[in-house]
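Student: Below you'll find the structure I mean.
The values are calculated or read from the model by the stated rules, or taken from the named source; none is laboratory data. Because the structure is a prediction, the values reported are computed rather than measured. Methodologically, a virtual Cβ is constructed for each residue, glycine included, from the backbone with ideal geometry; neighbour enumeration extends over all protein chains shown.
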Amino acid sequence: MKLEGKIALVTGGARGIGFGCASQLARAGASLVISDKPGSKELPGAAEAIRELGVPCLAVEADAFSREGCEATMEAALAEFGTVDCLVSVPAFNRRESFLDYDPKDFEDILQSALLGGFHISQLLCRHLVEEKKPGKIVFISSVLARIPNARCVAYSAAKAALNTMMQTMAAELSEHHINVNSIEPGWIDTPGERYHYNDETIAAEGKKLPWGRIGIPDDIGHAATFLCSDEADYITGTILPVDGGYRLKHCRDVPEETA
């Protein structure tokens, strides 16, 4: 999978899954634009780490959840590189709470981050690609929770399910322009967000219960995103790709009770 000469934009690229995707795209030879929220402490270091892989990297501070922030990101990318060939749209956050107690504002904010933020940046990029008569690659980071009900995640699951449907509608419409649009559904990935809820001991113990025997890491998602952005994935569009180490299958196995 070679991406030399390609420009990749990763929103939410300063840490976690976003940085895993950006670094793997860079290792495949792509030049990078990574965005993160204004005032991000991780963004400068993430950009420098990508440059150390031997490719140019533009760091952009912008609100990826808003139209204005996405416009600013695209403007900066085009000013620096003249075009963008592929997008990995990552930003989202979760608030775990019971449905009966869920704060309506949190629900709206999560939809804004995962769904509307993805709409804004992808529409802006696709308008550019169509205007330039260029093919392109769009990859949304969804979640296995889009299809697996999980208590206390009502807003996140709803947003990611809607993201998948939006992706497939986009894929149908954009096929005539040879713009591939796909989603990746990570399972349980060891990210800074997970570390707010779980410690090393819990993550290690829970990882052993998964079919693959471990929690996923951001690079696992980065490898899949790199493939979907490559020429090797030219004939793949409208597809939802789980990258979860078998998370969806963990209750389907015949295993001893003490290890389940």
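Student: Quickly run through region 208-260 and pick out the residues that are under 18 Å from residue 171 (Cβ atoms) and either aromatic (Phe, Trp, Tyr) or in a loop (DSSP other than H, G, I, E, B) (or both).
Tutor: Across region 208-260, the qualifying residues are 227, 230, 234, 235, 236, 237, 238, 239.
Student: Out of region 191-217, which residues are of a type outside the set (A, V, I, L, M, F, W, C), over 18 Å from residue 142 (Cβ atoms) and either surrounded by 16 or more Cβ atoms within 10 Å (Cβ to Cβ) or in contact with a helix residue (DSSP H, G or I) (Cβ under 9 Å, 6 or more places away or on another chain) (or both)?
Tutor: Scanning region 191-217 gives 192, 195, 198, 207, 208, 209, 211, 213, 214.
Student: Let me ask something else. Could you check region 164-187 and list, in sequence order, the residues that are within 15 Å of the chain's Cα centre (by Cα) and part of a strand (DSSP E or B)?
Tutor: We begin by selecting, within region 164-187, every residue within 15 Å of the chain's Cα centre (by Cα); these are 164, 166-167, 181-187.
Of everything in region 164-187, those that are within 15 Å of the chain's Cα centre (by Cα) and part of a strand (DSSP E or B) turn out to be 181, 182, 183, 184, 185, 186.
Student: Residues being outside any loop (DSSP other than H, G, I, E, B) and either within 17 Å of residue 87 (Cα to Cα) or touching a strand residue (DSSP E or B) at 6+ places or on another chain (Cβ under 9 Å) (or both): count how many of those fall in region 13-47.
Tutor: 22
Student: Any residue in region 155-184 that's farther than 14 Å from residue 236 by Cβ: show its pairings with residues that are hydroxyl-bearing (Ser, Thr, Tyr) and assigned to a strand (DSSP E or B) at Cβ separation under 7 Å, as long as the two are six or more apart or on different chains.
Tutor: From region 155-184, the pairs are 163/183; 164/183.
Student: Under 7 Å between Cβ atoms, which residue pairs at least 6 apart in sequence (or on different chains) link something in region 224-249 that is at positive phi with a partner that is of a type in the set (A, V, I, L, M) and not in a helix (DSSP H, G or I)?
Tutor: Note: pairs meeting the criteria are 238/181; 245/210; 246/210.
Student: Moving on to the next point. Can you pull out every residue in region 78-102 that is in a loop (DSSP other than H, G, I, E, B), farther than 19 Å from residue 123 by Cβ and charged (D, E, K, R)?
Tutor: Matches in region 78-102: 95, 96, 97.
Student: Counting just the residues of region 188-207 that are of a type in the set (D, E, K, R) and either part of a loop (DSSP other than H, G, I, E, B) or closer than 30 Å to residue 8 by Cα (or both), which one comes out farthest from the chain's Cα centre (by Cα)?
Tutor: 195
Student: Do we find a residue being without any contact (Cβ under 8 Å) to a residue 24 or more places away in the chain, on the phi < 0 side of the Ramachandran plot and assigned to a helix (DSSP H, G or I) anywhere in region 113-121?
Tutor: no
Student: If you scan region 153-193, which residues turn out to be within 30 Å of residue 213 (Cβ to Cβ) and of a type in the set (Asp, Glu)?
Tutor: 185, 190
Student: Quick one: is residue 50 part of a helix (DSSP H, G or I) and in contact with a Leu (Cβ under 6 Å, 6 or more places away or on another chain)?
Tutor: When the stated conditions are applied, residue 50 passes them.
Student: OK, next. Considering region 185-223 alone, what residues qualify as being among the hydrophobic types (A, V, I, L, M, F, W, C) and without any contact (Cβ under 8 Å) to a residue 12 or more places away in the chain? Spell out how you get there, then give the answer.
Tutor: We begin by selecting, within region 185-223, every residue among the hydrophobic types (A, V, I, L, M, F, W, C); these are 188-189, 203-205, 210, 212, 215, 217, 221.
Those that are among the hydrophobic types (A, V, I, L, M, F, W, C) and without any contact (Cβ under 8 Å) to a residue 12 or more places away in the chain: 204, 205.
Student: Also: Quick check: is even one residue across region 69-86 surrounded by fewer than 22 Cβ atoms within 10 Å (Cβ to Cβ), more than 19 Å from residue 116 (Cα to Cα) and touching an Asp or Glu at 6+ places or on another chain (Cβ under 6 Å)?
Tutor: No, region 69-86 contains no residue that is surrounded by fewer than 22 Cβ atoms within 10 Å (Cβ to Cβ), more than 19 Å from residue 116 (Cα to Cα) and touching an Asp or Glu at 6+ places or on another chain (Cβ under 6 Å).
Student: Right, another one. Taking into account only those residues within region 127-153 that are free of Cβ contacts under 8 Å to residues at least 12 places away in the same chain and part of a helix (DSSP H, G or I), which is nearest to the chain's Cα centre (by Cα)?
Tutor: Checked region 127-153; the qualifying residue nearest to the chain's Cα centre (by Cα) is 127.
Student: I'd like to verify a number: residues in region 1-48 that are at pLDDT below 95 and over 20 Å from residue 231 (Cα atoms), how many?
Tutor: Looking only at that region, the number is 0.
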